[in-house]
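Below is one structure, written out as structure tokens; the observations come after it.
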Amino acid sequence: MKKSNLLLSSFLAVALLTISCNNDDGPNCPEDLTGALSDKETSFAHKWVLSDIVSEEEIDLTDDNENNPSTNIFDQYSDCNQDAFYDFKDDRSFQYKQGQNTSNCSNKQSSSGTWKLTENALTIVSFCNTQIIDIEINTDTTSFFIEDTFTFTDVNGNRINSKTKITYNKEVSN
């Protein structure tokens, strides 16, 4: 299956891999986020597992010799790409990992940093950069959603821009 340009492993990566430099020959990195968690942040501090990716446009990402475009991007992803999660800790640290729990993944990715949640804005400091992501949390705080326009490359090499909703579900401990 050809990889899509949806930077699932990092809607982070676009912004996080950009390093701003000053005139002092070194990076001008933002400070880590610190401080006590609010009640909303305490409720949010958990492991969140990627569970769904749906686009408004039908897109065929699978190289299966069939013309079968779908809005369900998640089902078209390999097991390695579906294996993704955020782990937001109560000390404001976080980790993002993709392909870590599935065998034979050649494109394993990970990042770490600090986080803060204010209203529906998730602020992440990682890779010497700050990113603010608009999220929606459902009423029982079991899922959060990111909606944005992403560019996909379909199986034929066509680039398709589509509004896309990415869903993460809170992992329930046994």
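The values are calculated or read from the model by the stated rules, or taken from the named source; none is laboratory data. Since the model is a prediction, treat every value here as computed from it, not as a measurement. Every residue, glycine as well, gets a Cβ built from its backbone with ideal geometry; the counts of neighbours run over all protein chains shown.
Observations on the model:
- I137 being touching a Ser or Thr at 6+ places or on another chain (Cβ under 9 Å), over 27 Å from G35 (Cα atoms), surrounded by 13 or more Cβ atoms within 10 Å (Cβ to Cβ) and at pLDDT 95 or above: no
- Selection within the stretch 131-170 - among the small types (G, A, S) and closer than 28 Å to K116 by Cβ: S143
- Within the stretch 65-109, the residues that satisfy the criterion of being over 14 Å from L50 (Cβ atoms) and among the polar types (S, T, N, Q) are N65, N67, N68, S70, T71, S93, S103, N104, S106, N107.
- The listed residues are I132, I59, I124, and the only one of them that is more than 16 Å from the chain's Cα centre (by Cα), within 19 Å of I166 (Cα to Cα) and of a type outside the set (S, T, N, Q) turns out to be I59.
- Test set (1) touching a residue at least 60 places away in the same chain (Cβ under 8 Å); (2) over 20 Å from E171 (Cα atoms); (3) surrounded by 12 or more Cβ atoms within 10 Å (Cβ to Cβ); (4) in contact with a strand residue (DSSP E or B) (Cβ under 6 Å, 6 or more places away or on another chain) - Q98 fails condition number: (2)
- A count restricted to the stretch 46-76 and to residues that are modelled with pLDDT under 95 and more than 21 Å from T149 (Cα to Cα) stands at 6.
- Qualifying positions in the stretch 140-174 - charged (D, E, K, R) and either surrounded by fewer than 17 Cβ atoms within 10 Å (Cβ to Cβ) or within 28 Å of E41 (Cβ to Cβ) (or both): D140, E147, D148, R159, K163, K165, K170, E171
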